[in-house]
Structure formats: structure tokens, C-alpha cells
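Peer 1: Right, I'll just put the structure down here and ask away after.
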Amino acid sequence: MHTPSIETERSVSRRNFCKAAGLGVGAALLSGPQLLAQSAPARRLKIGHTGITWGYQPRFAPGAIQELGSLGYAGMESFGSYFRPLEAEGGMKSMLEAAGIPLVSCYCTVNLTDYANQKTEVNRIVEWGQSIKDCGGTVAVVGPNNVPRDVYNISGHKAQIVDTLNEMGKRLADIGIIAALHPHTGTCIENRDEVYAVLDAVDTDYVKFGPDTGQLAKAHADPVKIMEDYLELIEHVHLKDWDGGEHWEEYCPLGQGRTDIVGMLNVLEKSPIDRYIMIELDWDGPNPKMAPIETAKIAKAFVEKHGYTF
């Protein structure tokens, strides 16, 4: 058996050291996006942003559209109720085209518990759905109506809610628009049990799921678990962080709160959808802690850090 000499061992040690040092230098030369690109997992879903951060009224829509377009977001969400008011200013479609950003979806608040006026509510969301389609969008985000949560019990309304959602889903499908149910705090579908009760009862050929991660967290539900349980139904997502603070309706810029945003992104990347993740942060009033475009920049940097590109 050949025993290496001390000189040979020293030579090998020097080569190994130099090799290791070279790798260290090479790694040090990688910085910023290069290093992040190597460490972050490959992502396939597109990142959009909702316009609610700019305000709840149609007059705020032009600014939201222009600024989100300037940041390079892949798409945006507005409100179904904005279409008619914006016609006097040339229409939402022309604003989107000027900003170079496509419309993906619109939030559509409807009454799911007023069964006597079901036809009116269905016709309302179908009208908005047609406007969404005319602007190139694909999703009507179904926002449930507010209820007195201190006395509300879904058991007395479930049949009506399910029937109305099924009718809305079918009518929207007829014009090529997806109905995505969006549970929301303060409404008739807020907490985990209500979400499961409704999603387990609706006709899922027509009614899909559009979770809001921040709203679910605020309602003391586990957004990751709910998304895992209904992954096949998810067609739309509001990616929102929650910190329980005094600004933005207790929400916060993405990555600064208590929710497992990265865990949610990892779950969504396993979903069968090939659509958009819509970043969202609520309006912070006329004197916000931070300008809407600045929160959108923070969110963009956060998702870029985790593998998404613009």
C-alpha cells in the first residue's frame, strides 16, 4: 500500500484550499438578483395587484392603473361598480391600455342572503362580468354582503347563499367569466367553518374559490391549510399580509406581518391554475402611513426575492 509523503499531502491540501477559496470568491462575486435567482425556487404564476390600496371610489382608479402599470405588474384588479362612472372619463379600458397593464378581475360586491332580490343581484354581477370580459379580464371576484356578525348564524342562510352562488356562477360561465368566491371579514362568509360549509355545498363546476389570505388570517383561520384543502378550486387569490395594526384595516405591506406568505406561495405554485396572484393591501385613508405606490414597491421587491419576475 502506497503511503503519500508529507509533501504530497501538503500539495493536495493546498489544491483543496485553493479550490474552496475559488468557490468562495465566485459566490462573493454573485450579488443581488443573481444570488437570489439561484436560491429562490422557480415560479410560474404571474403577479398582479388590486387597486383598493389607492381608495374605494372610482376617482382613484386612474391613479391606481397608471402607477401599477409603471411598476410592471402583470395585471390588476379593479371594482365592478367602477365601469359606469369611469365612462365619462373615457372608460376603464382606455385607461388600462394607456398604462400598458391588463385587467384580470374585478371585485363584485353582491347580496347573497337577500333571497327575495336574487334576480337583481345575479343580473348585477352578470353586467359587471360582461364589462370585465370587454376589458379582457376573466374573473368576477364574488364579494359577500355584510351581516351583523354578533347575531349571524350561517345555518339559517346557507341554502340561499349556495343557490345564489350557483346561479351567479352559471350565468357568468355563459359569458366566459369565472365566478370566484371571496370570503371576507364582516360578511356572511367570514370564518373557516363558513368557508368549508359553502365550498362543500356549491356546484364547483361553476363556483370557484378566490381566497384572501389576509382576510382569512384576520378571521383567525389558517390560510395555508384552507388553500391546501381546496387547492383544486382556487382560480384567484388576494395575497395579503396581516399584522393586526392600526393602518390599512389591520393589514400591512407584504412580508411585514404575521402570515406565512412564502408558505402560501409554495402551495399556490402546486395548484392547477395558470392565472394570477393578486397582491392586495387595503386603503389607509386620506392621510396614509405610506403612499400606495410605495407599498406596491415593497410587495414587488418581496415577491422578486422569492422567485417572481416582472
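Peer 1: Considering every residue within the stretch 133-151, establish whether at least one is over 24 Å from the mean Cα position of the chain (by Cα), under 20 Å from residue 200 (Cα atoms) and part of a loop (DSSP other than H, G, I, E, B).
Peer 2: no
Peer 1: Here's something else I'd like to know. Determine if the stretch 91-112 includes at least one residue that is modelled with pLDDT of 95 or more, part of a helix (DSSP H, G or I), among the β-branched types (Val, Ile, Thr) and surrounded by 14 or more Cβ atoms within 10 Å (Cβ to Cβ).
Peer 2: At the first step, the residues of the stretch 91-112 found to be modelled with pLDDT of 95 or more are 91-112.
Subset that is part of a helix (DSSP H, G or I): 92-99.
Subsequent filtering for residues that are among the β-branched types (Val, Ile, Thr) retains none.
Among the residues of the stretch 91-112, not one is modelled with pLDDT of 95 or more, part of a helix (DSSP H, G or I), among the β-branched types (Val, Ile, Thr) and surrounded by 14 or more Cβ atoms within 10 Å (Cβ to Cβ), which makes the answer no.
Peer 1: Which ones in the stretch 193-218 are acidic (Asp, Glu) and either out of contact with any strand residue (DSSP E or B) (no Cβ under 6 Å at 6 or more places or on another chain) or at pLDDT below 95 (or both)?
Peer 2: Within the stretch 193-218, 193, 194, 200, 203, 205 meet the criteria.
Peer 1: Which condition from (1) under 29 Å from residue 177 (Cα atoms); (2) modelled with pLDDT of 95 or more is the one that residue 244 breaks?
Peer 2: Condition (1) is where residue 244 drops out.
Peer 1: Please find, within the stretch 81-90, the residue that is surrounded by the fewest Cβ atoms within 10 Å (Cβ to Cβ) out of those that are modelled with pLDDT of 95 or more, assigned to a helix (DSSP H, G or I) and not charged (D, E, K, R).
Peer 2: Ranking the candidates gives 85 first.
Peer 1: Only one of these is within 24 Å of residue 172 (Cβ to Cβ), buried (at least 16 other Cβ atoms within 10 Å of the Cβ) and of a type outside the set (A, V, I, L, M): 75, 69, 55. Name it.
Peer 2: Answer to the check: 75.
Peer 1: Here's another thing I want to ask about it. I'd like the residue in the stretch 193-204 that is free of Cβ contacts under 8 Å to residues at least 40 places away in the same chain and in a loop (DSSP other than H, G, I, E, B) and, out of all such residues, is surrounded by the fewest Cβ atoms within 10 Å (Cβ to Cβ).
Peer 2: 200
Peer 1: Ok, one more. Would you mind stating whether residue 270 is at pLDDT below 95 and either under 27 Å from residue 56 (Cα atoms) or of a type outside the set (A, V, I, L, M, F, W, C) (or both)? First the steps, then the outcome.
Peer 2: On the way: at pLDDT below 95: yes; either under 27 Å from residue 56 (Cα atoms) or of a type outside the set (A, V, I, L, M, F, W, C) (or both): yes.
For residue 270, the condition - at pLDDT below 95 and either under 27 Å from residue 56 (Cα atoms) or of a type outside the set (A, V, I, L, M, F, W, C) (or both) - is met.
Peer 1: Shifting gears a bit: Quick check on my filter: what residues within the stretch 152-192 are in a loop (DSSP other than H, G, I, E, B) and either at pLDDT below 95 or more than 14 Å from residue 126 (Cβ to Cβ) (or both)?
Peer 2: Of everything in the stretch 152-192, those that are in a loop (DSSP other than H, G, I, E, B) and either at pLDDT below 95 or more than 14 Å from residue 126 (Cβ to Cβ) (or both) turn out to be 152, 153, 157, 182, 183, 184, 185, 186, 188, 189, 190, 191.
Peer 1: Additional query: Pairs only if they're at least six apart or on different chains, beta carbon under 6 angstrom, first in the stretch 96-108 and touching a residue at least 60 places away in the same chain (Cβ under 8 Å), second of a type in the set (Val, Ile, Thr) and surrounded by 24 or more Cβ atoms within 10 Å (Cβ to Cβ); list them, first residue then second.
Peer 2: 105/139; 105/141; 107/141
Peer 1: Taking the options 269, 250, 190, name whichever one is on the phi < 0 side of the Ramachandran plot and free of Cβ contacts under 8 Å to residues at least 60 places away in the same chain.
Peer 2: After ruling out the rest, the residue left standing is 190.
Residues are listed down the side, and each one gets a yes or a no for (1) hydroxyl-bearing (Ser, Thr, Tyr); (2) under 21 Å from residue 212 (Cβ atoms); (3) touching a residue at least 12 places away in the same chain (Cβ under 8 Å); (4) touching an Asp or Glu at 6+ places or on another chain (Cβ under 8 Å):
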site: 82; (1), (2), (3), (4): yes, yes, yes, no
site: 85; (1), (2), (3), (4): no, no, yes, no
site: 89; (1), (2), (3), (4): no, no, yes, no
site: 112; (1), (2), (3), (4): no, yes, yes, yes
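The values are calculated or read from the model by the stated rules, or taken from the named source; none is laboratory data. All values reported here derive from a predicted model rather than from experimental measurement. Reconstructed Cβ throughout: ideal geometry from the backbone, glycine too, with neighbour counts over all protein chains shown.
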